[in-house]
1. Binning at 5 angstrom from zero up to the longest distance, how are the C-alpha pair distances of the range 61-115 distributed in percent?
2. Convex hull over the alpha-carbon atoms of the range 26-126: what's its volume per residue in Å³?
3. Among the lysines, which have Cα under 17 Å from the Cα of Lys65 when same-chain residues fewer than 8 positions away are ignored?
4. Counting only protein chains, not ligands or nucleic acids, how are Asp125, Asp39 ordered by accessible area (probe 1.4 Å), most first?
5. Going by amide H atoms built from the backbone, whose H comes under 5 Å of the H on Lys68, apart from near neighbours?
6. Rounded to whole Hz and in sequence order, give me ³J(HN,Hα) for the range 132-146 from the Karplus expression 6.51 cos²θ - 1.76 cosθ + 1.60, θ = phi - 60°, writing x for Gly and Pro.
7. I need the peptides 46-56, 148-158 ranked by packing, meaning the mean over residues of other C-beta atoms within 10 angstrom, with the highest value on top.
8. Give the share of C-alpha pairs in each 5 angstrom bin for the range 128-200, from 0 to the last occupied bin, in whole percents, shortest bins first.
Amino acid sequence: MTLWLGLVVLLGSWGLGDWGAEACTCSPSHPQDAFCNSDIVIRAKVVGKKLVKEGPFGTMVYTVKQMKMYRGFTKMPHVQYIHTEASESLCGLKLEVNKYQYLLTGRVYDGKVYTGLCNFVERWDQLTLSQRKGLNYRYHLGCNCKIKSCYYLPCFVTSKNECLWTDMLSNFGYPGYQSKHYACIRQKGGYCSWYRGWGSPDKTTINATDP
C-alpha cells in the first residue's frame, strides 16, 4: 500500500471529473472545506510528468509551474512537483501537460505534495468568479465555521458556527449553487452564515444573502 492510498480516506474533498470512479469513492466537500483542510492550495500549469516505481501501479509525478499560492506559505512556499497515484482506480489524478492552468490542493508529507481525485482540483477556467474570490480572501475567513452536509430532508444546523449545505438535494446534483457561489463566513456574535456578495463581507448584510 502506498502512502497516498493509505491517506485517500483522509483527503475527502472535491474531485476533478468522475469522483466516483471504480474503487475510488470520495465524500463531497464544499470548496471552502477543501481549501481549509488542505496544506497546499495553488494555481499552476503542468509542464511535465514522469512515472516513478512506487506502489502497485506506480506514482505519477507532475512538474508544475506555480502561478499563485493561496495556502501553504509556511509548509512549502514554492511547489514544483505534484505526486498522485498512477491508477485512477486508486484515485490517481490525470492532468494535461502544457494545456491548462489548474487549481490544485493537496497535503504535504515528507516534503512532497500529494493530491488525487478526492481533492479539490479543477481547471482554472472552469471556476466561478465567486470561487476565485473565495480562494483569494473569503474561504480563509470561514475556516472556523463548519459546513454541514444535508443529503435528506429534514436537515437542521445544531450550533451557531454551522452553515447548512444543501447542494446534494438539488435535482442538478453536486457540485451545486452553494459550492459555486457561496462562502460560509463567521459574523457578529460568532454565528456563521452563507455569503455571496461581491465586496468584502459586511456584518450588516451577510444575513440578507443566505441561500
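The values are calculated or read from the model by the stated rules, or taken from the named source; none is laboratory data. All values reported here derive from a predicted model rather than from experimental measurement. Don't worry about glycine lacking a Cβ; one is built from the backbone with ideal geometry, like all the others, and counts go over all protein chains shown. Each accessible area value is taken on the protein alone, full model and side chains, heavy atoms only, with ligands, DNA and RNA left out. Shrake-Rupley method; radii C 1.70, N 1.55, O 1.52, S 1.80 Å.
1. Once binned at 5 Å, the Cα pair distances of the range 61-115 give 4, 18, 32, 25, 15, 6, 0.
2. Values: hull volume 9.8 nm³, N = 101.
Convex hull volume per residue, Cα atoms: 97 Å³.
3. Lys45, Lys49, Lys50, Lys94, Lys99, Lys112
4. Numbers: Asp125 90, Asp39 25 Å².
Listed by decreasing accessible area, they come as Asp125, Asp39.
5. Residues meeting the criterion, in which the H sits 1.01 Å from N, are Arg43.
6. Whole-Hz 3J(HN,Hα) from phi for the range 132-146: 5, 5, x, 5, 6, 7, 7, 4, 5, 5, x, 5, 8, 8, 10.
7. Working: 46-56: 13.3, 148-158: 11.5.
Going from most to least packed, we get 46-56, 148-158.
8. Bin by bin from 0 Å, the calculated values are 3, 18, 25, 25, 18, 9, 2.
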